[in-house]
Amino acid sequence: MTKTKNTSGIGNAISRVEGHLKVTGKAKYASEFPVENKVYAQGINSTIAKGEIVSIDTSEAEKLEGVLKIITYKNADKLKGFDKEMTAIATDTIAPVLQSNKVKFYGEYVGVVIAETFEQAQYAARLVKFEYKEDASAVIDFDKSRNKSYTPDNDSNYSRGDMKKGLAEADVTVEETYHTPIEHHHPMELHAVIASWENGKVTAYASQQIVEDATISISSTFQIPKKDVRVIAAFVGGGFGSKLNLERHVILAVMAAKMVGRPVQMTVTRTQMFTNTGLRQKNEQIMKIGSKKDGTLTALSHETLSHTAQNLEFQEPCGMVSKMLYKVPNNEVTYKLIPMNIQVPFAMRAPGEATGSFALESAMDEMAWKLKMDPIDFRIKNDTQTDLHEERPFSSRLLTECLRIGAEKFGWKDRKMEPRTNTEGNWLIGYGVSAASRNSPYQKTHAKVILELVEGKVNATIQMDATDIGTGSYTIIAQTASEYLDIPVEQVSVELGDSDFPVTPGSGGSWGAASFCNGARAACENAVKTLKNNRNIKESEEISVAELLKKNQLTKFEAEGMAEPSAEFEKYSVFSFGANFSEVWVDKDTGMYRIKRMVNVGSAGKILNPKTAYGQIIGGLTMGAGMVIAEQSHIEPNFGNFITRSFADYHVPVNLDMANIDVIFLPEEDKIANKMGIKGIGELGITSVAASIANAIFNATGKRMRSLPITPEKLIEAGLEDGVTA
Ligand code: MOS
């Protein structure tokens with residue numbers, strides 16, 4: 001690595017390079033591009049959960065001023081269908097819509113109105129009349145449909161050792177069921193697209209996390225060459241997984257643009273985001289843990305029952321954490337899914353870990369309590385440097401250090417083992433802890449650097465199709481160029497989110513930072529190396545890029561680079577680790593509670609920018625707290641529609657709900673992970689937060705709360721007044 005002579009290279013807590021664009025409104029999000037001559041589309045949603053459309057009356061809507069077209073299954077473009085029924089969902093999957101009169105869930109798109117203005121489209125959409133033949137066999141009640149569950153066909157079930165034997169060897173066992181509800185992603189920026197179709201070529205300004213996959217989805221759905229599709233996602237206002245894959249509004253907008261011959265803007269409304277842009281599925285998780293008296297784990301199993309759509313499979317991998325977090329010889333992970341008539345679930349921030357670690361880390365706390373062991377000591381006793389699931393070592397794992405350092409910072413020594421013994425007035429005070437893990441799947445990434453010599457100084461532009469979903473990609477990529485070209489960050493421009501730029505894996509799964517920065521690094525290193533080689537300058541010689549361009553008699557120079565996981569990477573399990581600590585105060589009469597303090601310690605490789613990284617973890621902790629205090633989507637049990645339809649009834653934490661938060665990153669560079677030593681943090685922050693809060697609530701009240709969200713009503717129902725019952 002080059003020596004940093006400036007204070008803006010990697011590791012420095014600089015402010016966001018794109019910050020001024022955002023606060024001045026100059027950063028353009030999908031629906032803000034000034035595309036000439038554009039018109040507006042409004043999707044129409046089904047009002048039954050299962051059945052057939054028997055008639056459509058568009059006459060009234062068509063009479064309205066400004067209405068250009070109404071598309072339903074009757075006149076929609078014939079699109080490529082799924083290759084088979086029950087295709088597992090993928091980010092680059094084809095996305096057919098309006099292909100038949102069949103309805104499979106409440107809120108499914110059954111039509112789209114295109115009009116000159118947004119208001120005209122919205123109004124007209126309400127005037128289109130659909131008549132349905134309803135099928136009473138719709139599956140909308142999870143509890144009543146357990147007999148319909150099946151084992152998903154995706155090879156996720158797993159076992160090692162012998163669970164029965166492990167439980168028989170145990171002195172103490174815990175067997176409990178944990179519930180997490182349906183949640184929705186709800187990024188601030190609504191899903192949106194402006195699509196044009198000109199001479200068989202598509203341009204789409206779209207709010208997507210992965211530009212390359214969006215391009216593939218459009219080209220394969222419309223069966224046009226990929227080179228004829230351009231996707232632009234310059235700024236994305238959050239995604240949390242809901243913008244990983246291409247949702248149907250993009251296909252509808254492209255189809256509409258083709259049919260009306262004008263660019264079409266389609267924005268999904270906040271209410272439609274409950275039915276048309278993915279969700280975190282409801283999970284019922286049964287944990288079985290066996291332990292020796294001294295805290296040595298003998299057995300651990302994790303069974304998950306969840307739901308998917310009727311024609312499309314998605315399964316949140318809740319059991320992932322239970323396969324690798326602890327040293328336990330006998331281990332089993334299983335999944336069952338109920339096909340339901342609601343929209344297909346999809347990945348939501350830390351899919352698997354966020355919910356799975358609620359179950360695992362609550363159950364671990366229950367076991368520690370039964371053993372009368374400190375829950376930190378219990379975890380440390382079962383720590384391991386080997387991933388027993390993959391049967392290979394972790395590239396680095398500082399979980400014990402995270403727990404120890406966090407305990408020190410948090411003041412864990414003041415925790416009382418016995419619930420309801422730490423009080424102040426009417427408040428019952430509890431401390432909770434949990435361990436977190438999230439894999440860091442670094443992926444192949446391309447980047448281009450353009451160097452220009454202007455008045456003796458080098459300006460660099462980095463181009464890649466990477467996205468910034470609010471995470472700080474612009475900033476850390478600029479810092480990477482600053483580092484490897486040894487120029488101040490002010491001389492670096494970063495251009496992202498355009499499928500004309502070199503291909504990256506996009507933003508998701510905690511792979512963005514490591515992938516993007518190593519790609520940008522490779523491009524910068526190639527530029528310097530080529531400029532040196534051209535003039536027979538030794539690679540070890542320290543010489544500025546400006547000097548190099550001068551020696552090459554160049555004022556402009558471009559280079560590309562590619563980074564990908566090494567052979568070494570494949571021999572290890574590469575995960576980030578962390579520990580969460582929470583202090584909760586519960587009112588002993590009303591069950592109302594406050595999260596007073598949170599401490600998060602993370603070991604996630606090289607921290608590129610402590611300021612943006614801190615923001616990522618705070619966001620994760622807030623979303624984790626949201627799982628406990630508020631977030632849940634409700635399905636109406638007779639008709640199958642979501643009755644949570646806006647932020648008025650789908651609650652997320654506000655500033656007042658949040659605690660004093662301390663975030664600590666352990667100094668680390670994981671060179672096995674990649675050359676720059678980076679791991680992921682985007683999903684680490686939410687992982688196991690819910691368990692640390694639930695465990696604190698137990699420590700405060702003596703009530704074990706196994707169903708999220710934990711509302712004051714649930715605490716009262718659990719007999720808050722009666723003292724310790726677990
Ligand atoms: Mo994440 S759920 O891969 O955006």
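Of note:
- Relative contact order for the chain, counting Cα pairs under 8 Å that sit 6 or more residues apart, in percent: 16 percent
- Dipole of the chain, positive direction: furthest Cα of Ser540, Gly591, Val333, with charges on the beta-carbon: Ser540
- When both the range 327-404 and the range 633-691 are represented by their alpha-carbon centers, they are found 17 Å apart.
- Protection-proxy order for peptides 651-662, 677-688, each taking the mean of Cβ atoms within 10 Å per residue, highest first: 677-688, 651-662
- The alpha carbon centroids of the range 439-496 and the range 158-177 are separated by 50 Å.
- Helix content alone sets the calculated 222 nm mean residue ellipticity of the chain: runs of n ≥ 4 DSSP H residues at -39500 (n - 2.57) each, divided across all residues, give -7500 deg cm²/dmol.
- Ordering Ile462, Asn245, Gly605 by Cα displacement along the dipole of the chain toward the positive end leaves Ile462 in first place; charges were set at the Cβ atoms of Lys, Arg (+1) and Asp, Glu (-1).
- Residue-wise HN-Hα couplings along the range 650-660, as the Karplus relation 6.51 cos²θ - 1.76 cosθ + 1.60 with θ = phi - 60° gives them from phi, are 9, 9, 10, x, 10, 3, 5, 6, 8, 8, 5 Hz; Gly and Pro carry x.
- Prolate is the label for the range 114-216. Its Cα gyration tensor axes, ordered a ≥ b ≥ c, give a/c of at least 1.5 and a/b above b/c.
- Over all distinct Cα-Cα pairs of the chain, the Kirkwood formula returns a hydrodynamic radius of 27.0 Å.
- Exposure proxy ranking, count of Cβ atoms within 10 Å, fewest first, for Arg521, Arg438: Arg521, Arg438
- As a size descriptor, the averaged projected area of the C-alpha convex hull of the range 367-489 was calculated at 13.7 nm².
- Here the peptides 51-57, 499-505 are ranked by packing, the mean other Cβ count within 10 Å, and the order with the highest first is 499-505, 51-57.
- Three-way shape label, the range 225-335, alpha-carbon gyration tensor, a/c 1.5: prolate
- In this structure, the amide hydrogen of His185, modeled 1.01 Å from its nitrogen in the peptide plane, lies closer than 5 angstrom to those of Arg280, counting only residues at least 5 positions away or on a different chain.
- Residue (of Gly43, Gly111, Pro96) at the positive-pole extreme of the range 33-116, dipole from beta-carbon charges: Pro96
- A protection proxy built from the mean count of other Cβ atoms within 10 Å ranks the segments 599-611, 196-208, 409-421, most packed first, as 599-611, 196-208, 409-421.
- Cross-link table Lys50/Lys226; Lys381/Lys596; Lys165/Lys327; Lys243/Lys675, entries beyond 23 Å C-alpha to C-alpha: Lys50/Lys226; Lys381/Lys596; Lys243/Lys675
- Cα centre as origin, Lys/Arg/Asp/Glu Cβ charges: the range 181-287 dipole, Debye: 240 debye
- The Kirkwood radius of the range 10-169, taken over pairs of alpha-carbon atoms, gives through the Stokes-Einstein law at 25 °C and 0.890 mPa s a diffusion coefficient of 119 µm² s⁻¹.
- Its residues counted as N, the range 545-590 yields a C-alpha radius of gyration over 2.2 N^0.38 Å of 2.81.
- Using the Karplus relation 6.51 cos²θ - 1.76 cosθ + 1.60 with θ = phi - 60°, the per-residue 3J(HN,Hα) values for the range 639-645 come to 10, x, 8, 6, 8, 7, 10 Hz, with x marking Gly and Pro.
- Amide H contacts under 5 Å for Glu176, placed H, 5+ residues apart: Met287
- Applying 1/(1 + (r/R0)^6) with r as the Cβ-Cβ distance of His20 and Lys227 and R0 = 45 angstrom yields a FRET efficiency of 0.80.
- The range 572-651: C-alpha gyration tensor shape, a/c 1.5 cut-off, then a/b vs b/c: oblate
- Each residue of the range 528-543 was assigned a 3J(HN,Hα) from its phi angle through the Karplus expression (A = 6.51, B = -1.76, C = 1.60, θ = phi - 60°), giving 5, 4, 5, 5, 5, 4, 4, 10, 6, 8, 4, 5, 7, 5, 8, 8 Hz with x at Gly and Pro.
- Hull volume in cubic angstrom per residue (convex hull over the Cα atoms of the range 505-654): 237 Å³
- The amide H of Ser493, built 1.01 Å from its N in the peptide plane, has Ala460, Thr461, Ile462 as neighbours under 5 Å, considering only residues 5 or more places off or on other chains.
We did not get these values from a lab; they are worked out from the coordinates using the rules stated. Note that the structure is predicted; figures quoted are calculated from it, not measured. Cβ sites come from the backbone with ideal geometry, for glycine too, and all protein chains shown count toward neighbours.
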